[in-house]
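Reviewing the structure listed below.
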Amino acid sequence: MAKPTKSLAFKEAGRITMMLDKVLGDDRFDHAPVDVINLALQYSAQTSPDSPILQVTKRDIPGCMGALVYGKSQPRQWAILYHHDQSPGRTAYTVGHEFGHYILHRKLIDEDNHYDGGIYCDENSVLRREGAEIEHEADEFAANLLMPFHDFRRQISAKTVPSFDDLGKIADRYGVSLTAATLRWLEYTETRALLVVSNEGFAHWVKTSKPALKSGRFIKTRNTMYELPQRAVAVTQDFRQETVDGINQAAGVWFDEPLVEMCIRSERYDQEMTLLHLPRNEPVFHADEVDEDTFDQFTDLSRR
C-alpha cells in the first residue's frame, strides 16, 4: 500500500522546523518555544522581501481570533492581527495559524474577491480546529511548526495516558494553550480518549482519538446539542485537585463501560475541559455503525 502523500502544509512547516533545528539545535525546546511573531517577520522578510509581513499586532477584532490582511500597494505588504483578549498560548497558535495562511495562501487571498483585504479566522477555525479547507491547512501548518511530532512524541509516547498536568507541561514547552497541546496529542495517541469542551452542562465541541472512534466511542455535537451526564464533573461543579487528576466513572455515566474522567475549568473563558480516558480493552465495533457526522469528525482529525 502506498504511503499517504504529505501535504504542502506539512512540508512547509517541516522545512522551517529543520531550519530552526539546524540553527538553534535539536534541543531548542528545552530552552524556549518557537518565537512565532519574530519568526513570521524575519522569515517573510528574507524569503519574500518584496511582499513581507511588516507587522504582527494586537487588535480588537470581535468574532475573530486572528487575521491576515494586506495593504493597497503592489506588491502586497502584509500584517497579522490577533484579537487582544487571548492568553499568550492562544496568541502564539493564532499567529502560527495566520503565518500558515501567509506561507500557503497569500496568492489566493490576494486574487480571490471572496477575501476582500484579507482573511479573518474565527474561533471555529483556530481554537476548535475546524473550518474550510484552507483553515485546515493553516491549522496543520501551525501545529507542525509549534509542536513538531519528532519532539512531542519524545515527551509523551503514543501509549501514555497523560494527565492535565502532563499536558500542561507540554503546553508550556511549546508556548501554546492547554487546548492546543491536548488536540495535538489526540492526533497520534494509541489510547482511547475524548476531549469535551463544555459550558453550563452542554458540550460546545468534542474531539476524539482515532482508537476511540474506531471502537465506537464518540459524542455527536455537529448540528446537535449534547447534554453532559448528570454525574459529569462539569455538571456537578466539583472542581478540586482530585477531579483534575482523574476520577473513576462507572459504566453507564458516559458510555457503557467505565472510564477515567479528568476535568479542569477555565474562569477566563468560562468553560470546562473534560478528558475521558477509556480502558485499553476495546469493545467489538463495526465500521458501518459510524454515521456521517462522526465520519466527518474522523476525517477532519486525520488530515491535521
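Structure above, values below:
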item	result
Criterion violated by Asp26 - all others in (1) surrounded by fewer than 21 Cβ atoms within 10 Å (Cβ to Cβ); (2) modelled with pLDDT of 95 or more satisfied	(2)
So Val95, is it assigned to a loop (DSSP other than H, G, I, E, B), crowded, with 17+ Cβ neighbours inside 10 Å, assigned by TED's automatic domain parsing to the domain that holds Cys121 and not small (Gly, Ala, Ser)	no
Counted residues, the range 39-85 - those being touching a residue at least 40 places away in the same chain (Cβ under 8 Å), assigned to a loop (DSSP other than H, G, I, E, B) and of a type outside the set (A, V, I, L, M, F, W, C)	2
Cβ pairs under 8 Å, 6+ apart, first in the range 117-130 and closer than 15 Å to Val196 by Cα, second modelled with pLDDT of 80 or more and of a type in the set (Lys, Arg)	Leu127/Arg90; Arg129/Lys207
Candidate set: the range 98-129, residues that are buried (at least 21 other Cβ atoms within 10 Å of the Cβ) and over 19 Å from Pro52 (Cα atoms); chosen: the one modelled with the highest pLDDT	Cys121
Where a residue in the range 212-240 is among the polar types (S, T, N, Q) and its partner, wherever it lies, is part of a loop (DSSP other than H, G, I, E, B), with Cβ under 7 Å and at least six apart	Ser215/Arg192; Ser215/Glu282; Ser215/Pro283; Ser215/Phe285
Residue selected from the range 5-32 under the condition of a type in the set (Lys, Arg) and part of a helix (DSSP H, G or I), by the criterion nearest to Lys169 (Cα to Cα)	Arg28
Condition broken by Pro52, with the remaining ones in (1) buried (at least 19 other Cβ atoms within 10 Å of the Cβ); (2) touching a strand residue (DSSP E or B) at 6+ places or on another chain (Cβ under 6 Å); (3) over 25 Å from Phe149 (Cβ atoms) satisfied	(2)
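The values are calculated or read from the model by the stated rules, or taken from the named source; none is laboratory data. Only a predicted model underlies this, so the values are computations on that prediction, with no experimental measurement involved. Don't worry about glycine lacking a Cβ; one is built from the backbone with ideal geometry, like all the others, and counts go over all protein chains shown.
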